[in-house]
1. Compute a Gaussian network model of the chain, connecting alpha carbons closer than 10 Å, and tell me which residue from Glu302, Glu254, Glu131 fluctuates the most.
2. Direction-averaged shadow area of the convex hull around the Cα atoms of region 33-155, nm²?
3. Ranked by accessible surface with a 1.4 Å probe, highest first, in what order do Lys4, Lys243, Lys364, Lys196 come?
4. Ignoring ligands, DNA and RNA, please state the percent of accessible area on the chain from carbon and sulfur, probe 1.4 Å.
5. Test of understanding: in a Gaussian network model of the chain with alpha carbons linked when under 10 Å, which of Arg65, Arg24, Arg332 would top the mean-square fluctuation ranking?
6. Averaged across orientations, what area in nm² does the convex hull of the alpha carbons in region 41-96 project?
7. If you put +1 on each Lys and Arg Cβ and -1 on each Asp and Glu Cβ, how big is the dipole of the chain around its Cα centre, in Debye rounded to 20?
8. Per DSSP H run of at least 4 residues, take -39500 (n - 2.57); add these up for the chain, divide by its residues and hand me the 222 nm value, nearest 500 deg cm²/dmol.
Amino acid sequence: MISKQQIEEKYTTVFGYAPTHVVRSPGRINIIGEHTDYNEGFVLPTAIDKAIYVGVGKRDDNIIRLYAEDFAAYFEIPLTEIQPVEQGWPNYVLGVVDQLQSRGANLKGFDMYIDGDVPLGAGLSSSAALECAVGFALNVLFDLEIERVDIAKIGQLAEHTYAGVKCGIMDQFASVMSKADHVVKLDCRDLSFSYKPLELDDYAILLLNTNVKHSLASSAYNDRRASCEEGVRLVQQQFPEVKSLRDVTLDMLETHVKPVDLDVYTKCRFVVEENERLNKACDALEQGDLETVGQQMFCAHEGLSAAYEVSCPELDFLVDYVKSFPEVIGARMMGGGFGGCTINLVKKSFQDLLVERLAPIYEKQFNLELTAIKVIPSNGTELL
Ligand code: GLA
């Protein structure tokens, strides 16, 4: 946790005056439902107690000045010259500014200080958290009267246009809309959603970070999305009413996609099955049947690894290893893939022992550190 006071003090050190607002926007986990969001399917995420924090203040001119604590880096640009830049990190801010301006928002210059405790590149959506923190902060600073859900949509578009990843809505939605101690069952077709209590009793959610940074992830992500769209196109030739993989059955895939393109078929089949797994897991969660939730997580990992091909040896190793312990009832890779964290449902009393046993073996095998992250389901974006 970073306090409001810490952000205010650091902002003041950088910019020479105190910020008017401090906003916290969290990273997210997802219990199950991966690569379903951009296929109009379901997801089951929630925000965590690790977040991006921004302090903001108005300026009298039209300059934006940014300071990112994680990179000890400063950046400035006039509002009239907003465009993607090479430095990387400012794009998450500039993309949101660009979206706001194209919606007709009347922005002025501002200063923004950015800090956070969401590990970067770990699949916990630090970028979505930043986009939503920026959207929320500018909404308050300039009285834009934008609804929460639109802040999520603006963040998603910023990711498309300024980060080049054609992501779904899950990460931004979870960052903005989550509720403490609950998960959100979100229907990505129409953004209808409901909160489900996350009652874990003797169990806890433990993340294990491979510390593999996914360098090729964005192009592979866009490739997967293209495969899904191709599957839909093939089915549409027979069923013009089909809009997305949400409308597609396994039979349709078998008959109309498999004979034409086996790879596209395998990818689409994963998505259709992942929605089924999510629904099973969600029903089980409502009945307090964590064992079934966990089993669906293990099955999801198999699909993500073998069929959707978004895992990596490090993630597979971690999931395989924890399977041998009865205290771990579910595990899978989480998020876009190719690195980042696994999410594990583990007996509370076993968490530390698990990490103690696993870390040296992992480190020897891959020459990488293994980081354990305990997370608590938390509230979405808020003004501190
Ligand atoms: C990334 C994207 C999300 C989602 C996941 C995979 O986190 O940003 O929209 O597609 O991958 O489920």
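1. Ranking Glu302, Glu254, Glu131 by mean-square fluctuation puts Glu254 first.
2. In nm², the orientation-averaged hull projection of region 33-155 is 8.1.
3. Lys364, Lys243, Lys4, Lys196
4. That share works out to 48 percent.
5. Evaluated over the chain, the most mobile residue of the options is Arg65.
6. Convex hull of Cα atoms, orientation-averaged projection: 6.2 nm².
7. About 200 debye.
8. So the helix-based figure for the chain works out to -12500 deg cm²/dmol.
The values are calculated or read from the model by the stated rules, or taken from the named source; none is laboratory data. Quick caveat, the model's predicted, so the values are computed rather than measured. For neighbour counting, all protein chains shown are included, and Cβ atoms are generated from backbone atoms with ideal geometry for every residue, glycine included. The accessibility values were calculated without ligands, DNA or RNA, using every heavy atom of the protein model including side chains. Shrake-Rupley method; radii C 1.70, N 1.55, O 1.52, S 1.80 Å.
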